[in-house]
Amino acid sequence: MLSIVSYPDRGEYGKNSYRGNCSGRLIEDIIEQYRLKGLSDFMVGSGTTEDVVKKLGLRGTFADLNRGYDMLNMDVPERAENIFWHPPYHDMIVYSGEQYSDKAVIDRYGFDPKAVDLSRCANWDEFVAKMNHCMMKQFSALEKGGRMFTLVGDMKRKGVLYSMLCDIIKPGTLEQIIIKTQHNCVSDRKTYSNRNFVPIVHEYLLVTKKDDALIIPVSVSIRQKADIRNLQSPSWRDTLIAVLKENGEMSLAELYDAIKDSRKASVNPNWQAKIRQTVQDGRYFKRTSRGVYQTAS
Ligand SMILES: C[S@@+](CC[C@H](N)C(=O)[O-])C[C@H]1O[C@@H](n2cnc3c(N)ncnc32)[C@H](O)[C@@H]1O
């Protein structure tokens with residue numbers, strides 16, 4: 001196995017008609033590369049992992065919402081030696097009620113899969129929170145020494161990249177990120193009028209290992225807004241340019257007012273003098289009238 005994999009032929013495993021199914025060849029390669037004796041999949045979809053594991057005579061437990069297992073609210077059915085996890089890519093492909101009958105699940109298992117389907121989250125933040133809950137639940141059910149193989153993708157919507165790889169919580173020792181090129185996606189057949197749009201034709205396989213049972217390293221991505229005035233790194237030039245870009249022309253008094261409560265001012269007793277000095281630099285600032293400034297460009 002190399003750090004980039006490609007499987008134009010998905011093999012005879014799982015069901016081609018189940019959208020978003022993955023190639024059984026990837027599962028074969030994972031098993032061979034990591035010399036696995038057991039591999040479980042609790043979002044097994046059309047059964048790709050199960051088919052490979054059974055064909056090779058390995059151990060494993062398999063479940064999915066379409067078989068009445070809800071990972072959000074139920075315990076992981078069995079402790080696992082290793083886990084392959086291929087969650088939905090947010091709402092790119094909706095599963096319950098589209099790839100399988102929600103009514104059949106209600107009749108057979110007594111609950112509506114649509115209410116707990118990860119592919120039916122109302123927004124990205126809800127999806128990430130639920131995905132991360134599922135990650136920690138599965139990682140906790142993993143035997144010490146075991147690995148999680150998590151297949152995730154990125155989505156582009158209205159110019160914004162929503163990256164599962166960036167936002168997913170990463171418990172355990174990060175061992176490998178493998179890029180898997182995609183084949184036969186709906187996007188392959190589309191033409192894009194927006195020349196800035198780069199079609200996404202790859203996914204990532206994240207390989208993490210559980211080296212300890214109780215205390216585990218966890219890497220989390222936090223998205224928040226930062227006010228440049230309160231950061232340590234930006235220079236006075238860049239801070240004042242940002243303030244002026246936001247507000248347009250400003251007098252010195254207005255600039256003082258915009259800065260006075262910030263961290264930038266609190267760590268420099270001569271902050272007003274620093275502002276006066278900085279706006280004198282004609283490469284970046286322009287004086288429009290006495291004591292009034294704007295950015296030079
Ligand atoms: C990308 S598909 C997996 C495809 C699979 N690897 C295959 O090759 O067919 C994601 C699966 O997650 C399942 N799923 C979504 N929400 C779930 C939940 N709360 N509990 C268990 N499974 C869930 C869906 O039913 C769907 O089958």
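Every number in this text was worked out from the coordinates using simple rules, so none of it is lab data. These numbers were taken from a predicted model, which means no experiment stands behind them. Quick reminder, even Gly has a Cβ in these numbers, built from the backbone with ideal geometry, and neighbours come from all protein chains shown.
Brief remarks follow.
- Loop-resident trypsin sites (Lys or Arg not before Pro) (DSSP state other than H, G, I, E or B) in segment 55-153 with no more than 11 further Cβ atoms inside 10 Å of their Cβ: Lys144.
- Rounded to the nearest 20 debye, dipole of segment 4-219 from Cβ charges on Lys, Arg, Asp, Glu: 380 debye
- Stokes-Einstein diffusion coefficient of the chain, Kirkwood radius over Cα pairs, 37 °C, 0.692 mPa s, in µm²/s: 145 µm²/s
- Nonlocal amide H pairs with Phe285, under 5 Å, H built at 1.01 Å: Ala296
- Listed residues Tyr162, Tyr89, Tyr256, most fluctuating in the chain (Gaussian network, C-alpha, under 10 Å): Tyr256
- Eligible lysines near Lys274 by straight Cα distance, threshold 29 Å, same-chain separation 8 or greater: Lys225, Lys245, Lys260, Lys264, Lys286
- Most mobile listed residue (Pro87, Pro217, Pro269) in the chain, GNM with C-alpha springs under 10 Å: Pro269
- Too-long pairs where the Cα-Cα distance tops 19 Å, listed order kept, from Lys156/Lys209; Lys137/Lys170; Lys54/Lys114; Lys54/Lys170: Lys156/Lys209; Lys54/Lys114; Lys54/Lys170
- Where GluC sites (Glu not before Pro) in DSSP loops with at most 16 other Cβ within 10 Å are excluded, longest remaining stretch of the chain: 144-248
- An oblate overall shape is assigned to segment 62-131, the ratio a/c of its alpha-carbon gyration tensor axes (a ≥ b ≥ c) being 1.5 or greater and a/b not exceeding b/c.
- Angle between the chain longest axis and helix 236-247 axis [Cα atoms, degrees, rounded to 10]: 90 degrees
- Built amide H within the under 5 Å cut-off of Tyr95, gap 5+: Ser119
- Axis angle, to the nearest 10 degrees, between helix 24-33 and the longest C-alpha principal axis of the chain: 90 degrees.
- For the chain, relative contact order (Cα pairs under 8 Å, six or more residues apart, normalised by length) works out to 14 percent.
- The chain - mean residue ellipticity at 222 nm from DSSP helices (-39,500 (n - 2.57) per run, n ≥ 4, rounded to 500): -7500 deg cm²/dmol
- Two-site FRET efficiency, Ala115 against Ser266, from Cβ-Cβ distance with R₀ of 35 Å, rounded to 0.05: 0.10
- Rounded if a/c under 1.5, otherwise prolate or oblate - segment 176-297, Cα gyration tensor axes: oblate
- If you run the Gaussian network model on the chain, springs between alpha carbon atoms under 10 Å, then out of Met155, Met71, Met131 the most flexible one is Met155.
- Euclidean distance of C-alpha centroids, segment 30-96 and segment 112-148, integer Å: 13 Å
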